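Any read-out appearing in this document is the output of simple, stated calculations on the displayed coordinates, not a laboratory observation. Here the structure is a predicted model, which is why all the values come from computation and not from measurement. Cβ placement follows ideal geometry from the backbone for every residue including glycine, while neighbour counts extend to all protein chains displayed.
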């Protein structure tokens, strides 16, 4: 009978299993391919958009520089000064460089395209196809197989009298636009016959304008917003693109085949190891019980418990045979089993238990007998019911499953349960036989396996949950051993930047490489975990003193310092480390983590590649900040804030053009607290919106008060925080306040820092539109310190740029700063908006700014920020705009 | 502004050309079907100094009308062909080359801009075109080193103008003079003339400052000259940049404003309009050669004024006639050209050029020329024709009293 069972089980179970698994494989394979292609499309589009934006920005800034050149009065003079221009135009052009370009020709031509001066050789443009349009005043930028040509008319007396021409041949253009490296091949398509292969990525090195058909490639195409004729195409070979998914496919197939083999094996094993032996036991026992034939024997078979059981049973039968029907003897045999053996009636009441049952559960056999088995045996998983067709109908099946057995001291142990049912026969009631084996050790092994599941999938380091467990364990161990545990928190400097510029795949590769280096640096007994993002944590155990930590931290910093090679790019990073140590007597993982986090914050504040211990001083700072947070909560209610006012004046006439309202906090104990200190706190405790509204209301009230006092209406500007911008109702709030005070929107100017804009592009775009529509002026504060993407300047309705004070401060000493201020001024001019220089402190700075064409200035040279009354006093004391100024003779050469 | 003005002006030019042409044809019809003799005009007719160009055109038209009414020259009518160079030398050179190809062209009357005139010298002499200068004052325009020299001028000569302006400044008691000059050949020509004139008296400029074409402001340059103790500013500028200089001077506090003694280049355009208030705030005088208000020979000027007002309806008050010197100089040149063609008995340009050099006398509007030109002297006027003038509040030009 057992010989029939196995093939039948296999016959019934295996085809279903194989069909199911193959089905899963086909489905999974489809899902993977689908996901990979969707992901690839997104990745390529993202790259295309990035490349398009970078390309647009590059070209726009080059063209802006040309526009500036066309407005340069020396250039205009060169058109007229036929006799004298040879003395200055060639030098001018030799030293002129269009930002972002690596070569190419820049030339000044007359009104018929004949070259007057240029930075190199080349012919006239009298036959150029764009000449007519350019001479009609149109700014022309064209692309083609010749590369790029950009032409700006030189307007003199309101009429194009010459042209500035910039030519970039394909090689130069390619060099110029080759700014960012990409994971894929990137091409610029001008038309179907002119394509520039910009970035070779991983697929090929051909560099020129050869068109490639799209078969065999996955592509994404985006128009450059500023130059719709230019299309950016990012492409990847189909075979490369789907290599990963094919590999996954193969791996899955292998896994499926192995699963089928494993399941087949499992079925055979189950049948052999569970069904067959019990069957034999039961059959033998039945024969014995029914036929009173004690001569039956079971040939020893199987392994482990079954082998023991069978031999024990044979032994028992021998003894039974020997002692005829001695029940005591039978019990003795059962008691020699190492497994628990319980026999219950069908209600579950235990009628018999062997000695092993008593030894393992610590209950006496008397206590066990009479208990219901359900009260001590808890099933863990559903029994796998295996039918045994052809078996003795009185003995039913052998569900084998795992469960928990309650033992006397209240604990539970894990058991493997095998049971069989004996049907009623004659006067014997139906019963069940349970064989329970202790599998606690096996369970522990399984637990280790589950630990493996708590690894970070990217780096194979411990993940956050395993990290917490290990930290608990380490602290518990430290308490026993009296040694110290150190927690090191690491953070990669510049990671976001690397991720943004090189792409997520490169960022992931960097994280993996960092994980490898960290593991190589630490001992095997230490835990290295990745908590998420670029945040790593290391638990160093078994430390005898604090002295051991410094060398570890330094080794870690050195390990991260050498360059990483990511996809052919050399990238440098560094790490900052915060360290906290837990002395054995107060082991609290959460406190340790908080302390390490604060130490990391301090380490970063001191610069990159640094490490810091958490110490009590830091605790002090942390508490001081907490105290300041608490004070800030009360400051508005207690009227501790006030506004100071700083005038803005016209750079040439000196007339008052407006006033900037600046908040000051007069702390009852600490005196004046700098806005640099309390504004970030107000942002983090969520009071900035309230504070911003207070500023707006106070400024409006002041504006009205001045007007009522008979002063002219003075435009007043207030600063907005990034947090305020995230509030969608900002424009409505502002408008409600100005309406309440009756202030004309034209007199309220809103200043937003450049970094706020960069980090909240979408929110800012919405708010700008809304504010502009209501008639408010919007100024960009601290301009020049952020990433100056020209694209956004064009996108938003901006009324003025404020040059950051840091450039103004050094402009008379540092030519680089002076050229930055000059560039900002001409940028503003070309956009047709105002420009305000902040922090003007010396007459020399003023003189230089005026020469550069700056329209408004603000700074200590005129007046520092002062309370409202002092401002009015200053305003009324000013008899003439420039009274306070003495303009020194400048070193600006006459010719 | 230029967008509105350009089409109006060019329409006016087309009309003018047609009128001149029709007048010539009408007269010629009675006599023989004679080919007209063509006179070119190459000047800024539409940009910053368009007013000067228009004044020159009016002078030419008045002379041509008068000559054609009397039967023309050698029995042939005179005809005017106009080319606009907008103050741009590149356009000027092309214009000369084009005009030289016109059948019957004998001479080209130039415009205000010395830089253009100097740039054109090569084309003038290569094409052997007689160049009649009614305005551009640069010394190198006539002292150009070409032999034979095709340039003849009835206008100011910078060498003399520099001396005259310096002398006027000294008469007013200013010895510390600051020079504010256009960075072109004309500015350099005047730097030389003024420096030389001062050197004769043992003086030198306290400072020389330059500005570029279309400069946004010259406040810095004025301030530097003031810092060096300049008592007056000697200005050499075209109308557009000159207006910037006057504006910047007017923006200085009243006590710090310096008198401006200007070359006459500022009067070539619509200079007065738009900065009338600034001009009123600045002590501005400038060089002129001719005015209908106090003309050198009143009877002849009276006659010309009469013709002028009959022909041009905007004439109004004698003080408000636009750039009167340009009109008078151009008128004189056409009359001199007529005499030379008659003396040569031919329209061959070489022969007419030689005849211009040997005319003995001409009784003109400006003065009696005895002789007008010689082989060596290409400038018909000298400093006896120079006066110092100022603007009336309405923008008219009148001589400074006592001149």
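Using Cβ counts within 10 Å as a stand-in for footprinting exposure, how do A:88, B:362 rank, fewest first?
The order, fewest Cβ neighbours first, is A:88, B:362.
Kindly express, to the nearest 10 degrees and within the range 0 to 90, the angle between helix B:185-200's C-alpha long axis and the longest C-alpha principal axis of chain B.
60 degrees
Treat the range A:30-96 as a sphere of radius equal to its Kirkwood radius over Cα pairs and apply Stokes-Einstein at 4 °C in a medium of 1.567 mPa s; give the translational diffusion coefficient in µm²/s, rounded to a whole number.
For these conditions, the coefficient is 82 µm²/s.
Using alpha-carbon pairs under 8 Å, 6+ residues apart, how would you state the relative contact order of the range A:580-701 in percent?
16 percent
With just the Cα atoms defining each centre, how far is the range B:70-113 from the range A:105-166? Give it in Å.
29 Å
If I take R0 = 35 Å and measure r between the Cβ atoms of residue A:250 and residue A:42 in this structure, what FRET efficiency does the formula 1/(1 + (r/R0)^6) give, to the nearest 0.05?
About 0.90, to the nearest 0.05.
Quick one: if the Förster radius is 56 Å, what FRET efficiency do residue B:351 and residue B:175 give, using the C-beta to C-beta distance and rounding to 0.05?
Computed FRET efficiency for residue B:351 and residue B:175: 0.65.
Can you pull the mean other chain C-beta count within 10 Å for peptide A:69-76?
Average per residue, whole number: 3.
Going 7 Å from the Cα of residue B:143 toward and past its Cβ, which residues in the range B:185-223 have a backbone nitrogen under 16 Å from where you end up?
B:185-200
Mind checking the full-extension length gain between residue B:203 and residue B:299? Use 0.36 nm per residue of separation minus the Cα-Cα distance, one decimal, nm.
Gain on extension, residue B:203 to residue B:299, equals 30.4 nm.
Measure off 7 Å from each Cα along the Cα-to-Cβ vector at residue A:30 and residue A:572, then give the distance between these two points in nanometres to one decimal.
5.3 nm
Give the calculated FRET efficiency between residue A:258 and residue A:765 to the nearest 0.05, with a Förster radius of 45 Å applied to their Cβ-Cβ distance.
My answer for the efficiency is 0.25.
Of B:297, B:266, B:321, which has the largest mean-square fluctuation in a 10 Å C-alpha GNM of chain B?
Among B:297, B:266, B:321, the largest GNM mean-square fluctuation belongs to B:297.
Only Cα pairs under 8 Å and at least 6 apart count here; give the relative contact order of the range B:319-402 as a rounded whole percent.
25 percent
Specify the residue with the greatest mean-square fluctuation among B:372, B:89, B:103, computed from a Gaussian network of chain B linking alpha-carbon atoms under 10 Å apart.
Highest fluctuation among the options: B:103.
Find the relative contact order for chain B and round it to a whole percent, using C-alpha pairs within less than 8 Å whose residues are 6+ positions apart.
The normalised contact order for chain B reaches 17 percent.
Run the simple label-point estimate for residue A:87 and residue B:392 please: 7 Å along Cα→C-beta, distance reported in nm.
Result for the modelled spin labels: 4.2 nm.
How much length would be gained if the chain were fully extended between residue A:442 and residue A:454, taking 0.36 nm per residue of separation minus their Cα-Cα distance, in nm to one decimal?
2.4 nm
What distance in nm separates the two pseudo spin-label positions at residue B:101 and residue A:318, each 7 Å out from Cα along the beta-carbon direction?
Distance between label points: 13.3 nm.
So what's the gap between the Cα centers of the range A:644-693 and the range A:348-380, to the nearest angstrom?
79 Å
If you count the DSSP beta bridges with both ends in the protein assembly as shown, what percent of them are antiparallel, to the nearest 5?
Percentage antiparallel, nearest 5: 65.
Considering only C-alpha atoms, what is the centroid distance from the range B:201-240 to the range A:1-58, in Å?
82 Å
If neighbour count is taken as other Cβ atoms inside 10 Å, put A:253, B:388 in order from fewest to most.
The fewest-first ordering by Cβ neighbours comes to A:253, B:388.
Quote to one decimal, in nm, the extra length available between residue A:10 and residue A:465 on full extension: 0.36 nm per residue of separation minus the C-alpha distance between them.
159.7 nm
What is the fewest-to-most order of A:665, B:135 by other Cβ atoms lying within 10 Å of their Cβ?
With the sparsest Cβ surroundings first, the list reads A:665, B:135.
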